[in-house]
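Here is the structure we will look at, set down as structure tokens.
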Amino acid sequence: MPRKPKFIAGPSRLSKILEELRKPPRLTLAGVKALKMTLAVRNDHFGARHFMKEELPRIRYANPTLDIQVNKVSKTKADVWSPQMTLEFRNGDTHKIDMGKKWSTSIFEELMNVAGGNAWERWKAEREAQGLPVIEGAHRARSMESRLREQATEQAIAQEAALRIALEEEAAASRPKTGAAAVLP
């Protein structure tokens, strides 16, 4: 009877998780005592939710003593508020990061620029020297965010034009009729 072939197992689930947590750059936040996030539970704040899912575990792994609080609030369509991250530094200063209408990579880059310290500056210098993007996917996020801003501006201009036309029509209707328009029904 022939021998059974040996099965060589691939990487375990745990080793894949550790690989994801340890991937560069290491997300050490210099001088940060607490990180607090407020965002919608569902239907909005997509970039903030993706940031929480993708980057917050890496931040926790690199900063085990950091106090991280995530406040998920239910939000209706009528509510208009933006997700926010508050960084509390050891020296008592606080810094707020608005996460509204941003991709997770943009939020990540802004956080690291504020609190990344020397390690983050070295990482940026190395990536720029190699001709690589600082964060994978950040260039797509920037172009998409600028497109969203342009669309919002176009919508505001269209609303303003529609309002102006409505006001002109209302003003024209309130003027007294003269000539043939006054005589004919």
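Please treat every number below as a calculation from the coordinates, not as lab data. This structure is a prediction, so every number in the text was calculated from the model and none was measured. Virtual Cβ from ideal backbone geometry, glycine too; neighbours counted across all protein chains shown.
So, in segment 64-90, of the ones that are closer than 30 Å to ARG22 by Cα and in contact with a Gly (Cβ under 7 Å, 6 or more places away or on another chain), which residue ends up surrounded by the most Cβ atoms within 10 Å (Cβ to Cβ)? First the steps, then the outcome.
Going through segment 64-90, the residues closer than 30 Å to ARG22 by Cα turn out to be 64-72, 83-90.
With in contact with a Gly (Cβ under 7 Å, 6 or more places away or on another chain) added as a condition, the list becomes 83, 89-90.
Values: PRO83: 27, PHE89: 16, ARG90: 10.
Taking the candidates together, the pick is PRO83.
Which residues, counting only those in segment 44-73, are aliphatic (A, V, I, L, M) and outside any helix (DSSP H, G or I)?
LEU66, ILE68, VAL70, VAL73
Do the conditions hold for VAL134, that is, is it touching a Lys or Arg at 6+ places or on another chain (Cβ under 7 Å), closer than 24 Å to ALA30 by Cα, surrounded by 11 or more Cβ atoms within 10 Å (Cβ to Cβ) and among the aliphatic types (A, V, I, L, M)?
yes
Please work out which residue is surrounded by the most Cβ atoms within 10 Å (Cβ to Cβ), limiting yourself to segment 102-120 and to residues that are assigned to a loop (DSSP other than H, G, I, E, B) and touching a helix residue (DSSP H, G or I) at 6+ places or on another chain (Cβ under 7 Å).
Per the criteria, the residue is LYS102.
Quick one: in segment 35-62, which of the residues that are more than 17 Å from GLU110 (Cβ to Cβ) and not small (Gly, Ala, Ser) is farthest from the chain's Cα centre (by Cα)?
Residue satisfying both the conditions and the ranking: TYR61.
So, in segment 2-36, exactly how many residues are among the small types (Gly, Ala, Ser) and in contact (Cβ under 8 Å) with a residue 60 or more places away in the chain?
So the count comes out to 2.
Report the residue count in segment 1-43 for those that are touching a strand residue (DSSP E or B) at 6+ places or on another chain (Cβ under 8 Å), in a loop (DSSP other than H, G, I, E, B) and among the small types (Gly, Ala, Ser). Before the answer, list the steps.
At the first step, the residues of segment 1-43 found to be touching a strand residue (DSSP E or B) at 6+ places or on another chain (Cβ under 8 Å) are 29, 31-41.
Remaining after also requiring in a loop (DSSP other than H, G, I, E, B): 29, 31, 41.
Subsequent filtering for residues that are among the small types (Gly, Ala, Ser) retains 31.
The number of residues fulfilling the criteria is 1.
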